[in-house]
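In what follows, a structure is listed as structure tokens, so that the remarks can point back to it.
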Amino acid sequence: MPFRNKTILSIILCTLCLWGCMQEDPPLEVDISKREPVRIKMETDVITYAYLPQYSHTVSYQRHHLLVKYLRRETGLNIKQIFPDTFHEHMNRVGQGKIDISFSNPFIYVKIAAKYGARAFARIVEIDGGEKFRGQIICRADNQAIRTINDCRKKRWIAVDPASAGGYLYPLGHFILRGIKPESFAEIAFAPGPGGKQEKVVLAVHAGEYDIGTIREGTLKVVADKIDINEIRIVENTRWYPGWVYAARTGLPSETVEKIKAAFLKLDAKNSESRLVLEAAHFADIIPSQDVEFAPVRELVSRIGLRLEM
């Protein structure tokens, strides 16, 4: 009898479940042959702004994001900062029209002017160095084997990048003028990886991996939170050269360039808002510029036997 009761209960439960399933909505049929393409809205009015990656992308952003924000507000243009990883990539993007406004050292400028038709329209006055800047040859402060520039012969040299002005080319010219040729060194190496190359040179010298390093003036302050910079000694400074420059890519409308230039020139360190923007970027001022001002850089390039078009 108990068995019969269990059987009846099971039949009732199955009937209820079947009835419940019959009450569900019929399955929805999907026709996968009909597809709606996903449309991603692309901005077509962006003006790209790039800082040559001499320091890390973090430093680049920290120094320039207020300036870019100011330019957007002042000009009404959709200006955005982008971050190429290397000097070579920066130059290529200018040539491809992917960087509209280039902020670079003067050597990179004369290269992109020669190869891609970029043109200078403004340059900066630095807080520490004025309208010009220079390179520095450094070693560890306790390196007794290097006291003068002549002691750099047969030593291991680490530089920033083959296209770095203060971090390689200016010191190279400085060495050559004193009869010290590239073959005079035991080794010439360049800082590895994308961005942050100036810092890497100082850190490599500080760690004793290389005997000497070459950097642009001002770099030691950037690494002061990483090492005791008193443990680094400046062997010599190079001569002064024209400062960092703003250049517009070829084909960028002249009215766009003039808007940006006017906004740059409007910045005044006596104004509290302008001062915040300038100080964040480590600028004292931004002044007008033209291509002819970079003749000393072209003379240096010729003297050390480089080709700008390459």
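The values are calculated or read from the model by the stated rules, or taken from the named source; none is laboratory data. Model, not experiment: these values are computed from the prediction. Note that we place each Cβ from the backbone using ideal geometry, even for glycine, and neighbour counts take in every protein chain shown. The protein model used for the area step is the full one, side chains on, heavy atoms only, and it has no ligands, DNA or RNA in it. Shrake-Rupley method; radii C 1.70, N 1.55, O 1.52, S 1.80 Å.
When the residues of the range 68-96 are filtered to those that are under 13 Å from the mean Cα position of the chain (by Cα) and aromatic (Phe, Trp, Tyr), the one that is surrounded by the most Cβ atoms within 10 Å (Cβ to Cβ) is PHE87. Scanning the range 211-223 for residues that are within 20 Å of the chain's Cα centre (by Cα) and either under 11 Å from ILE137 (Cβ atoms) or assigned to a loop (DSSP other than H, G, I, E, B) (or both) returns THR214, ILE215, GLU217, GLY218, VAL223. Residue check: PHE264 meets all listed conditions (1) modelled with pLDDT of 95 or more; (2) at positive phi but one, namely (2).
Could you look through the range 126-146, keep only residues that are modelled with pLDDT of 95 or more and among the β-branched types (Val, Ile, Thr), and pick out the one that is farthest from VAL160 (Cα to Cα)? It comes out as ILE146. The lone criterion from (1) open to solvent by 10 Å² or more (accessible area, probe 1.4 Å); (2) under 18 Å from VAL202 (Cα atoms); (3) assigned to a strand (DSSP E or B) left unmet by ASP161 is number (3). Report whether or not ALA247 is under 20 Å from SER104 (Cβ atoms), at pLDDT 95 or above and surrounded by 15 or more Cβ atoms within 10 Å (Cβ to Cβ). Yes, satisfied.
Within the range 60-90, track down each residue that is β-branched (Val, Ile, Thr) and in contact with a strand residue (DSSP E or B) (Cβ under 9 Å, 6 or more places away or on another chain). VAL68, THR75, ILE79, ILE82 - these are the residues of the range 60-90 that are β-branched (Val, Ile, Thr) and in contact with a strand residue (DSSP E or B) (Cβ under 9 Å, 6 or more places away or on another chain). For the range 123-158, a tally of residues being in a strand (DSSP E or B), hydrophobic (A, V, I, L, M, F, W, C) and open to solvent by 20 Å² or more (accessible area, probe 1.4 Å) returns 1. Entry remark, the range 274-291: residues being open to solvent by 40 Å² or more (accessible area, probe 1.4 Å), part of a helix (DSSP H, G or I) and in contact (Cβ under 8 Å) with a residue 24 or more places away in the chain number 3 in total. Of all residues in the range 190-217, count the ones that are crowded, with 18+ Cβ neighbours inside 10 Å and of a type in the set (Gly, Ala, Ser). Total satisfying the criteria: 4. PHE294 falls short on exactly one of the conditions (1) loosely packed, with under 14 Cβ neighbours inside 10 Å; (2) part of a helix (DSSP H, G or I), and that condition is (1).
Is it the case that ILE112 is over 23 Å from VAL46 (Cβ atoms) and either touching a residue at least 24 places away in the same chain (Cβ under 8 Å) or of a type outside the set (Ser, Thr, Tyr) (or both)? In short, no.
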